[in-house]
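S.K.: Sharing a structure below in C-alpha cells format, with a few things to ask.
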Amino acid sequence: MKAGIIAKVLGGIGLLTLLVLGVAVVANWNNIRIRYHVMLVRDAQRAIGPGNEPNFKYSMHWVRWLAEGRPDSTTQHESGWKHEEALIKLGYCEQRAYSLTNSTIIDLSKTLAGHRFKDALISFTMSRDGRQIVAFAAKEDFPFLEAKIKEVEAKK
C-alpha cells in the first residue's frame, strides 16, 4: 500500500514537472527560436571545410560539422544566410544598406574594432551593384553602427 501511494505522489510530481516545463517552453518559444538561429549563424560565420579544419576538435561546432556530413564552407555560408533571414523575420535582426562616399569599409572596420556587438552577429557584404555596404546585425546595434558610419564619413 505504501508503494502505491509513493508511486502516485511521484507520478503527480512528474506530471507537474512536465506541465511547468511545457509552460516555460511555450512562454519562451520565440527566444528559443532566436537562440537556435543565432547559434547557426555563428557557425556559418566560422565555416570550416577542407583546408580550414577547426583548431580544437571535439568542440560543439566541430561535432555539428561532422553531423551535417562535413559540408564545405560555401554550403555552410548558404545555410547561415537562411538563418539570417529567419532572424530578420523574427524581428531580432535587420539588414540595412549604406553608401560610403568619403570612406571605405576598411576605415569603418577600424572604427568598429573592439566594440562588442550583441551576439557577435554583425557582418557586412556588398550590394549586388557594388555601390553599397549591406550590414546585418541585431536591431539594437544599429544606432551605434550608424553613429560610427557618420563619424567615419565626417573625418574625410
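S.K.: Can you work out which of the residues in region 90-101 that are surrounded by fewer than 16 Cβ atoms within 10 Å (Cβ to Cβ) and not hydrophobic (A, V, I, L, M, F, W, C) is farthest from Arg46 (Cα to Cα)? Outline the logic, then answer.
M.R.: Within region 90-101, the subset surrounded by fewer than 16 Cβ atoms within 10 Å (Cβ to Cβ) is 90-91, 94-97, 99, 101.
Those left that are additionally not hydrophobic (A, V, I, L, M, F, W, C): 91, 94-96, 99, 101.
Numbers: Gly91: 23, Glu94: 20, Gln95: 20, Arg96: 22, Ser99: 27, Thr101: 30 Å.
Selected residue: Thr101.
S.K.: Within region 73-89, does at least one residue satisfy the condition of being closer than 27 Å to Ala154 by Cβ, surrounded by fewer than 13 Cβ atoms within 10 Å (Cβ to Cβ) and over 13 Å from the mean Cα position of the chain (by Cα)?
M.R.: Our first condition is that a residue be closer than 27 Å to Ala154 by Cβ; within region 73-89, this holds for none.
So far as region 73-89 goes, no, none of its residues is closer than 27 Å to Ala154 by Cβ, surrounded by fewer than 13 Cβ atoms within 10 Å (Cβ to Cβ) and over 13 Å from the mean Cα position of the chain (by Cα).
S.K.: Being charged (D, E, K, R), outside any helix (DSSP H, G or I) and within 18 Å of Leu40 (Cα to Cα), is that true of even one residue in region 102-123?
M.R.: So in region 102-123, the residues charged (D, E, K, R) come out as 107, 110, 116, 118-119.
Checking the rest, the ones that are also outside any helix (DSSP H, G or I) come to 116.
From what's left, within 18 Å of Leu40 (Cα to Cα): none.
For region 102-123, residues charged (D, E, K, R), outside any helix (DSSP H, G or I) and within 18 Å of Leu40 (Cα to Cα): absent.
S.K.: Within the set of pairs 6+ apart or on separate chains, which have a first residue in region 142-153 that is on the phi > 0 side of the Ramachandran plot and without any contact (Cβ under 8 Å) to a residue 12 or more places away in the chain, a second that is loosely packed, with under 13 Cβ neighbours inside 10 Å and not basic (Lys, Arg), and C-beta atoms under 8 Å apart?
M.R.: Nothing qualifies.
S.K.: Here's another thing I want to ask about it. Any residue in region 30-43 that's touching a residue at least 12 places away in the same chain (Cβ under 8 Å): show its pairings with residues that are aromatic (Phe, Trp, Tyr) at Cβ separation under 7 Å, as long as the two are six or more apart or on different chains.
M.R.: So the pair list comes out as Ile34/Tyr92.
S.K.: Of the residues that make up region 57-64, is at least one modelled with pLDDT under 90, over 30 Å from Lys150 (Cβ atoms) and in contact with a Ser or Thr (Cβ under 9 Å, 6 or more places away or on another chain)?
M.R.: Restricting attention to region 57-64, the residues satisfying the condition of being modelled with pLDDT under 90 are 57-64.
Add one more test, that the residue is over 30 Å from Lys150 (Cβ atoms), and what stays is 57-64.
Now narrow it down to the ones that are in contact with a Ser or Thr (Cβ under 9 Å, 6 or more places away or on another chain): none.
Within region 57-64, none of the residues are modelled with pLDDT under 90, over 30 Å from Lys150 (Cβ atoms) and in contact with a Ser or Thr (Cβ under 9 Å, 6 or more places away or on another chain).
S.K.: Looking at region 136-156, which of its residues are among the small types (Gly, Ala, Ser) and surrounded by fewer than 20 Cβ atoms within 10 Å (Cβ to Cβ)?
M.R.: Just the residues of region 136-156 that are among the small types (Gly, Ala, Ser), to begin with: 137-138, 147, 154.
The answer is Ala138, Ala147, Ala154.
S.K.: Where residues in region 110-141 are hydroxyl-bearing (Ser, Thr, Tyr) and in contact (Cβ under 8 Å) with a residue 12 or more places away in the chain, which of them is nearest to Gln95 (Cα to Cα)? Can you show your working first?
M.R.: As a first pass, look at region 110-141 and keep what is hydroxyl-bearing (Ser, Thr, Tyr): 111, 123, 125, 127.
Then keep just the ones that are in contact (Cβ under 8 Å) with a residue 12 or more places away in the chain; that gives 111, 123, 127.
Working: Thr111: 20, Ser123: 10, Ser127: 11 Å.
Taking the candidates together, the pick is Ser123.
S.K.: Okay, moving on. Before we move on, is Asp119 assigned by TED's automatic domain parsing to the domain that holds Val152, charged (D, E, K, R) and either exposed (fewer than 15 other Cβ atoms within 10 Å of the Cβ) or over 24 Å from Lys82 (Cβ atoms) (or both)? Spell out how you get there, then give the answer.
M.R.: Values: assigned by TED's automatic domain parsing to the domain that holds Val152: yes; charged (D, E, K, R): yes; either exposed (fewer than 15 other Cβ atoms within 10 Å of the Cβ) or over 24 Å from Lys82 (Cβ atoms) (or both): no.
For Asp119, the condition - assigned by TED's automatic domain parsing to the domain that holds Val152, charged (D, E, K, R) and either exposed (fewer than 15 other Cβ atoms within 10 Å of the Cβ) or over 24 Å from Lys82 (Cβ atoms) (or both) - is not met.
S.K.: Something else about it: Taking the conditions exactly as written (in a helix (DSSP H, G or I), more than 19 Å from the chain's Cα centre (by Cα) and over 21 Å from Ala44 (Cα atoms)), does Glu140 satisfy them or not? Reasoning before the result, please.
M.R.: Values: in a helix (DSSP H, G or I): yes; more than 19 Å from the chain's Cα centre (by Cα): no; over 21 Å from Ala44 (Cα atoms): yes.
No; evaluated as a whole, the condition is false for this residue.
The values are calculated or read from the model by the stated rules, or taken from the named source; none is laboratory data. What you are looking at is a predicted structure, and each value in this text was computed from that prediction instead of being measured. A quick note on method: Cβ atoms are made from the backbone with ideal geometry, for glycine too, and the neighbour counts reach across all protein chains shown.
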